[in-house]
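The values are calculated or read from the model by the stated rules, or taken from the named source; none is laboratory data. All values derive from a computational prediction rather than experimental measurement. All Cβ positions, glycine included, derive from the backbone under ideal geometry; neighbour counts span all protein chains shown. All accessible areas refer to the heavy atoms of the entire protein, side chains included, with ligands and DNA or RNA removed. Shrake-Rupley method; radii C 1.70, N 1.55, O 1.52, S 1.80 Å.
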Amino acid sequence: MNSAEYLKNILEAKTGLKISIELTDNRKQILKITPDKPDRKIIEINRILVDAPDEVIEAVTDFVSGRNRKSSRTRIIRYVRKTLSEKTQDRKINLHTSGNVYNLNDIFEKLNKKYFNGSLTCRITFGRNYCNPRKRSIVFGSFNPQKNIIRINRALDSVMVPEFFVEYIVFHEMLHARLYFSGISAVSMKHSKNFRAKEKNYPFLETAKKWKKENLKFFIRTAK
Ligand SMILES: [Zn+2]
(Lines give C-alpha, C1' and ligand atoms only; values in the text may rest on other atoms or scores of the structure.)
Protein backbone atom coordinates (compact mmCIF):
# COMPACT_ATOMS: atom_id res chain seq x y z
CA MET A 1 0.00 0.00 0.00
CA ASN A 2 1.29 3.43 -0.90
CA SER A 3 1.39 6.39 1.42
CA ALA A 4 1.11 10.12 0.96
CA GLU A 5 4.84 10.28 1.70
CA TYR A 6 5.56 7.92 -1.21
CA LEU A 7 3.49 10.03 -3.58
CA LYS A 8 5.15 13.23 -2.35
CA ASN A 9 8.61 11.77 -3.02
CA ILE A 10 7.68 10.73 -6.55
CA LEU A 11 6.08 14.08 -7.31
CA GLU A 12 9.07 16.01 -5.97
CA ALA A 13 11.50 13.91 -7.99
CA LYS A 14 9.48 14.26 -11.21
CA THR A 15 8.61 17.94 -10.96
CA GLY A 16 11.60 19.36 -9.10
CA LEU A 17 9.18 21.27 -6.89
CA LYS A 18 8.56 21.21 -3.17
CA ILE A 19 5.27 19.43 -2.70
CA SER A 20 2.97 19.38 0.24
CA ILE A 21 0.21 16.79 0.15
CA GLU A 22 -3.17 16.87 1.85
CA LEU A 23 -5.40 13.80 1.60
CA THR A 24 -9.11 14.43 1.17
CA ASP A 25 -12.36 12.50 0.72
CA ASN A 26 -13.57 15.09 -1.76
CA ARG A 27 -15.34 13.36 -4.64
CA LYS A 28 -16.09 16.51 -6.62
CA GLN A 29 -12.55 17.78 -6.72
CA ILE A 30 -10.29 14.77 -6.65
CA LEU A 31 -7.10 16.71 -7.33
CA LYS A 32 -6.46 20.35 -6.59
CA ILE A 33 -3.15 22.10 -7.14
CA THR A 34 -2.49 25.37 -5.37
CA PRO A 35 0.78 27.24 -5.96
CA ASP A 36 2.16 28.30 -2.64
CA LYS A 37 5.56 29.80 -3.30
CA PRO A 38 7.22 29.83 -6.77
CA ASP A 39 8.91 26.49 -6.11
CA ARG A 40 6.22 24.97 -3.92
CA LYS A 41 2.78 23.50 -4.58
CA ILE A 42 0.05 22.29 -2.29
CA ILE A 43 -1.69 19.22 -3.66
CA GLU A 44 -5.05 18.29 -2.25
CA ILE A 45 -5.78 14.78 -3.44
CA ASN A 46 -8.52 12.22 -2.86
CA ARG A 47 -7.04 9.37 -0.82
CA ILE A 48 -8.23 6.85 -3.41
CA LEU A 49 -5.47 8.07 -5.73
CA VAL A 50 -2.71 7.41 -3.24
CA ASP A 51 -3.27 3.65 -3.52
CA ALA A 52 -3.66 3.71 -7.28
CA PRO A 53 -1.57 1.49 -9.56
CA ASP A 54 1.67 2.88 -11.03
CA GLU A 55 0.14 3.95 -14.34
CA VAL A 56 -2.36 6.16 -12.51
CA ILE A 57 0.34 7.59 -10.24
CA GLU A 58 2.24 8.39 -13.43
CA ALA A 59 -0.81 10.23 -14.76
CA VAL A 60 -0.96 12.19 -11.49
CA THR A 61 2.70 13.22 -11.78
CA ASP A 62 2.15 14.16 -15.44
CA PHE A 63 -0.84 16.23 -14.50
CA VAL A 64 0.92 18.01 -11.63
CA SER A 65 3.95 18.80 -13.76
CA GLY A 66 1.74 20.00 -16.62
CA ARG A 67 2.66 17.26 -19.10
CA ASN A 68 -0.04 15.58 -21.22
CA ARG A 69 -2.65 17.34 -19.13
CA LYS A 70 -5.63 16.20 -21.16
CA SER A 71 -4.78 12.52 -21.40
CA SER A 72 -3.54 12.25 -17.83
CA ARG A 73 -6.70 13.95 -16.58
CA THR A 74 -8.80 11.39 -18.47
CA ARG A 75 -6.83 8.50 -17.00
CA ILE A 76 -7.17 9.82 -13.46
CA ILE A 77 -10.90 10.41 -13.75
CA ARG A 78 -11.53 7.01 -15.30
CA TYR A 79 -9.69 5.30 -12.45
CA VAL A 80 -11.48 7.25 -9.71
CA ARG A 81 -14.91 6.61 -11.23
CA LYS A 82 -14.25 2.90 -11.49
CA THR A 83 -12.86 2.61 -7.98
CA LEU A 84 -15.62 4.64 -6.39
CA SER A 85 -18.31 2.57 -8.10
CA GLU A 86 -16.65 -0.66 -6.93
CA LYS A 87 -16.58 0.67 -3.38
CA THR A 88 -20.25 1.55 -3.60
CA GLN A 89 -21.10 -1.95 -4.80
CA ASP A 90 -19.12 -3.37 -1.91
CA ARG A 91 -21.11 -1.41 0.57
CA LYS A 92 -24.35 -2.90 -0.72
CA ILE A 93 -23.51 -6.22 0.89
CA ASN A 94 -24.40 -5.79 4.52
CA LEU A 95 -22.31 -8.11 6.61
CA HIS A 96 -23.97 -9.72 9.60
CA THR A 97 -21.12 -11.36 11.40
CA SER A 98 -22.27 -11.21 14.96
CA GLY A 99 -25.25 -13.43 15.68
CA ASN A 100 -27.11 -14.11 18.92
CA VAL A 101 -24.87 -17.03 19.75
CA TYR A 102 -21.96 -17.13 17.32
CA ASN A 103 -19.60 -14.50 15.98
CA LEU A 104 -18.56 -15.49 12.48
CA ASN A 105 -15.58 -13.13 12.40
CA ASP A 106 -14.10 -14.76 15.49
CA ILE A 107 -14.59 -18.25 14.05
CA PHE A 108 -13.18 -17.20 10.67
CA GLU A 109 -10.10 -15.56 12.18
CA LYS A 110 -9.41 -18.56 14.39
CA LEU A 111 -9.68 -21.08 11.54
CA ASN A 112 -7.79 -18.85 9.11
CA LYS A 113 -4.85 -18.67 11.50
CA LYS A 114 -4.94 -22.33 12.44
CA TYR A 115 -5.48 -24.02 9.08
CA PHE A 116 -4.76 -21.47 6.33
CA ASN A 117 -1.73 -19.52 7.60
CA GLY A 118 -3.98 -16.47 7.76
CA SER A 119 -3.98 -16.41 3.95
CA LEU A 120 -7.72 -16.14 3.26
CA THR A 121 -9.12 -12.72 2.51
CA CYS A 122 -12.81 -13.50 2.05
CA ARG A 123 -15.58 -11.87 3.98
CA ILE A 124 -18.19 -13.77 5.92
CA THR A 125 -21.78 -13.13 6.88
CA PHE A 126 -24.91 -14.83 8.13
CA GLY A 127 -27.38 -15.19 5.30
CA ARG A 128 -30.90 -16.43 4.68
CA ASN A 129 -32.08 -19.79 5.85
CA TYR A 130 -31.91 -21.73 2.58
CA CYS A 131 -33.95 -24.83 3.00
CA ASN A 132 -36.11 -26.92 0.75
CA PRO A 133 -38.47 -29.02 2.91
CA ARG A 134 -39.76 -30.96 -0.09
CA LYS A 135 -36.29 -31.97 -1.15
CA ARG A 136 -35.44 -32.40 2.52
CA SER A 137 -32.26 -30.44 2.00
CA ILE A 138 -30.71 -27.38 3.52
CA VAL A 139 -27.75 -25.24 2.50
CA PHE A 140 -25.70 -24.51 5.60
CA GLY A 141 -23.05 -22.50 3.83
CA SER A 142 -21.90 -21.21 0.46
CA PHE A 143 -18.95 -19.44 -1.08
CA ASN A 144 -19.35 -16.80 -3.79
CA PRO A 145 -16.01 -16.37 -5.62
CA GLN A 146 -17.08 -13.26 -7.57
CA LYS A 147 -17.87 -11.39 -4.37
CA ASN A 148 -15.31 -13.36 -2.35
CA ILE A 149 -17.85 -13.89 0.39
CA ILE A 150 -18.89 -16.83 2.55
CA ARG A 151 -22.52 -17.02 3.61
CA ILE A 152 -23.56 -19.09 6.59
CA ASN A 153 -27.16 -20.12 7.14
CA ARG A 154 -28.66 -18.12 9.98
CA ALA A 155 -30.29 -21.29 11.33
CA LEU A 156 -26.86 -22.25 12.71
CA ASP A 157 -26.86 -19.28 15.05
CA SER A 158 -28.58 -21.21 17.80
CA VAL A 159 -27.72 -22.62 21.23
CA MET A 160 -28.94 -25.98 19.90
CA VAL A 161 -26.04 -26.09 17.43
CA PRO A 162 -22.63 -27.05 18.86
CA GLU A 163 -19.65 -24.86 18.10
CA PHE A 164 -17.73 -27.67 16.34
CA PHE A 165 -20.53 -27.91 13.79
CA VAL A 166 -20.59 -24.18 12.98
CA GLU A 167 -16.81 -24.31 12.73
CA TYR A 168 -17.02 -27.27 10.39
CA ILE A 169 -19.40 -25.46 8.02
CA VAL A 170 -17.19 -22.35 8.05
CA PHE A 171 -14.06 -24.47 7.53
CA HIS A 172 -15.69 -26.30 4.60
CA GLU A 173 -16.53 -23.02 2.84
CA MET A 174 -13.08 -21.61 3.59
CA LEU A 175 -11.61 -24.65 1.89
CA HIS A 176 -13.72 -23.89 -1.20
CA ALA A 177 -12.34 -20.33 -1.12
CA ARG A 178 -8.78 -21.58 -0.69
CA LEU A 179 -8.96 -24.05 -3.56
CA TYR A 180 -10.84 -21.70 -5.84
CA PHE A 181 -8.07 -19.13 -5.73
CA SER A 182 -5.24 -21.62 -5.92
CA GLY A 183 -5.35 -21.86 -9.69
CA ILE A 184 -7.23 -25.12 -9.99
CA SER A 185 -10.65 -23.54 -10.21
CA ALA A 186 -12.01 -26.06 -12.70
CA VAL A 187 -12.37 -28.72 -10.05
CA SER A 188 -12.35 -26.64 -6.93
CA MET A 189 -16.06 -25.97 -6.59
CA LYS A 190 -16.77 -29.66 -6.43
CA HIS A 191 -15.80 -31.94 -3.62
CA SER A 192 -12.78 -33.38 -5.37
CA LYS A 193 -10.49 -36.01 -3.90
CA ASN A 194 -8.12 -33.20 -3.04
CA PHE A 195 -10.94 -31.31 -1.32
CA ARG A 196 -11.98 -34.34 0.72
CA ALA A 197 -8.37 -35.02 1.70
CA LYS A 198 -7.82 -31.46 2.87
CA GLU A 199 -11.14 -31.46 4.69
CA LYS A 200 -9.69 -34.10 7.01
CA ASN A 201 -7.42 -31.40 8.48
CA TYR A 202 -10.42 -30.35 10.51
CA PRO A 203 -10.17 -32.58 13.60
CA PHE A 204 -13.92 -32.72 14.33
CA LEU A 205 -14.88 -33.68 10.78
CA GLU A 206 -16.37 -37.07 11.65
CA THR A 207 -18.09 -35.75 14.79
CA ALA A 208 -19.60 -32.95 12.72
CA LYS A 209 -20.82 -35.28 9.98
CA LYS A 210 -22.39 -37.56 12.57
CA TRP A 211 -24.07 -34.61 14.27
CA LYS A 212 -25.42 -33.43 10.94
CA LYS A 213 -26.92 -36.82 10.16
CA GLU A 214 -28.68 -37.02 13.51
CA ASN A 215 -29.95 -33.44 13.54
CA LEU A 216 -30.77 -32.58 9.95
CA LYS A 217 -34.46 -33.30 10.52
CA PHE A 218 -34.75 -30.51 13.10
CA PHE A 219 -33.45 -27.93 10.64
CA ILE A 220 -35.76 -29.05 7.89
CA ARG A 221 -38.80 -29.09 10.12
CA THR A 222 -38.18 -25.65 11.59
CA ALA A 223 -37.13 -23.81 8.43
CA LYS A 224 -39.58 -21.25 7.12
ZN1 LIG B 1 -19.00 -27.85 -0.43
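Taking the range 117-143 as the region of interest, how many residues are within 16 Å of the ligand (Cβ to nearest atom) and either open to solvent by 60 Å² or more (accessible area, probe 1.4 Å) or modelled with pLDDT of 85 or more (or both)?
Narrowing the range 117-143 to residues within 16 Å of the ligand (Cβ to nearest atom): 120, 122, 124, 127, 130, 137-143.
Within this subset, residues satisfying the condition of being either open to solvent by 60 Å² or more (accessible area, probe 1.4 Å) or modelled with pLDDT of 85 or more (or both) are 120, 122, 124, 127, 130, 138-143.
Qualifying residue count for the region: 11.
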Residue match in the range 20-28 (condition: assigned to a strand (DSSP E or B), exposed (fewer than 15 other Cβ atoms within 10 Å of the Cβ) and without any contact (Cβ under 8 Å) to a residue 12 or more places away in the chain): no
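Going by the structure shown, is Phe164 modelled with pLDDT of 85 or more, under 19 Å from Asn105 (Cβ atoms) and among the aromatic types (Phe, Trp, Tyr)? Let's see the steps before the verdict.
Values: modelled with pLDDT of 85 or more: yes; under 19 Å from Asn105 (Cβ atoms): yes; among the aromatic types (Phe, Trp, Tyr): yes.
Here the answer is yes, as Phe164 does meet what is asked.
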